[in-house]
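S.K.: Quick one: this structure, given as structure tokens, is what I'll be asking you about.
The values are calculated or read from the model by the stated rules, or taken from the named source; none is laboratory data. These numbers were taken from a predicted model, which means no experiment stands behind them. Cβ placement follows ideal geometry from the backbone for every residue including glycine, while neighbour counts extend to all protein chains displayed. For accessibility, only protein heavy atoms count, side chains too; no ligands or nucleic acids. Shrake-Rupley method; radii C 1.70, N 1.55, O 1.52, S 1.80 Å.
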Amino acid sequence: MNISLNDLRKISVFQHATDADLDLILKNSIVRSIEEGEYFFLQGDEAKYLYVLVTGQVKLMQSNPNGQQVNLRTIYPWQMFRGIGRYAWEDAIYPAMAQTLECSTAIAIPSHFLRTMMETRSYLSFDLMNLMTTYIQELQTRYREIATNRVEQRIANALIRLAQQSGIRSGKDAGIELFFLEKMFRK
């Protein structure tokens with residue numbers, strides 16, 4: 001798979017990277033392709049990689065000891081995923097699982113390599129901090145919605161978020177492709 005430096009710049013954490021740094025990241029990464037329904041990683045696995053989705057869709061999910069699962073986020077091409085949680089680099093584990101919704105390909109960047117780069121390239125730390133701030137703000141919004149909105153309003157807000165993330169525009173009309181929901185309801 002041919003991935004360009006401009007492709008990597010689509011990722012907010014790498015927007016300030018030099019060509020040399022992006023080239024170094026690509027050279028130290030591996031490309032992983034996973035079939036539909038399979039996993040890039042499972043909850044509790046050692047967090048060896050940080051991923052950048054290139055093609056497909058991935059859902060990040062967490063499960064509790066009783067086996068109940070919650071969908072944390074859907075990942076689309078050129079988004080990073082690792083499962084934000086314990087970001088200590090040594091002995092870090094994935095706090096969630098990443099299951100493909102369709103055949104998907106991702107760049108796997110070794111965590112130890114990225115940490116080494118962050119020690120000498122402050123832009124990576126700041127851009128990662130900005131990404132995490134965005135995630136925290138999203139969680140605060142969702143928490144506020146759960147605490148204060150009626151069910152109908154929460155569903156409407158979820159549909160608006162989904163349309164913003166992956167909506168399809170055709171002239172004046174817009175739609176959301178919900179093929180993965182059908183599969184989930186069949187189970």
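Quick grid of which residues meet (1) in contact with a strand residue (DSSP E or B) (Cβ under 7 Å, 6 or more places away or on another chain); (2) among the basic types (Lys, Arg); (3) over 23 Å from residue 137 (Cβ atoms):
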| site | (1), (2), (3) |
| --- | --- |
| 39 | yes, no, yes |
| 64 | no, no, yes |
| 71 | yes, no, no |
| 74 | yes, no, no |
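S.K.: Pairs under 7 Å by beta carbon, first residue in contact (Cβ under 8 Å) with a residue 60 or more places away in the chain and more than 20 Å from residue 79 (Cβ to Cβ) in the stretch 113-142, partner among the polar types (S, T, N, Q) and open to solvent by 60 Å² or more (accessible area, probe 1.4 Å), six or more apart or different chains?
M.R.: So the pair list comes out empty.
S.K.: Follow-up. Regarding the stretch 91-103, can at least one residue be identified that is more than 18 Å from residue 14 (Cβ to Cβ), open to solvent by 30 Å² or more (accessible area, probe 1.4 Å), among the aliphatic types (A, V, I, L, M) and at pLDDT 70 or above?
M.R.: yes
S.K.: Filter the stretch 29-64 down to the residues that are under 18 Å from residue 128 (Cβ atoms) and open to solvent by less than 70 Å² (accessible area, probe 1.4 Å) and list them by number.
M.R.: First pass over the stretch 29-64, keeping only residues under 18 Å from residue 128 (Cβ atoms): 29, 47-53, 60.
Result: 29, 47, 49, 50, 51, 52, 53, 60.
S.K.: Moving on. Of all residues in the stretch 105-163, which are touching a helix residue (DSSP H, G or I) at 6+ places or on another chain (Cβ under 9 Å), of a type in the set (A, V, I, L, M) and assigned to a helix (DSSP H, G or I)?
M.R.: Within the stretch 105-163, 114, 117, 118, 124, 128, 131, 146, 158 meet the criteria.
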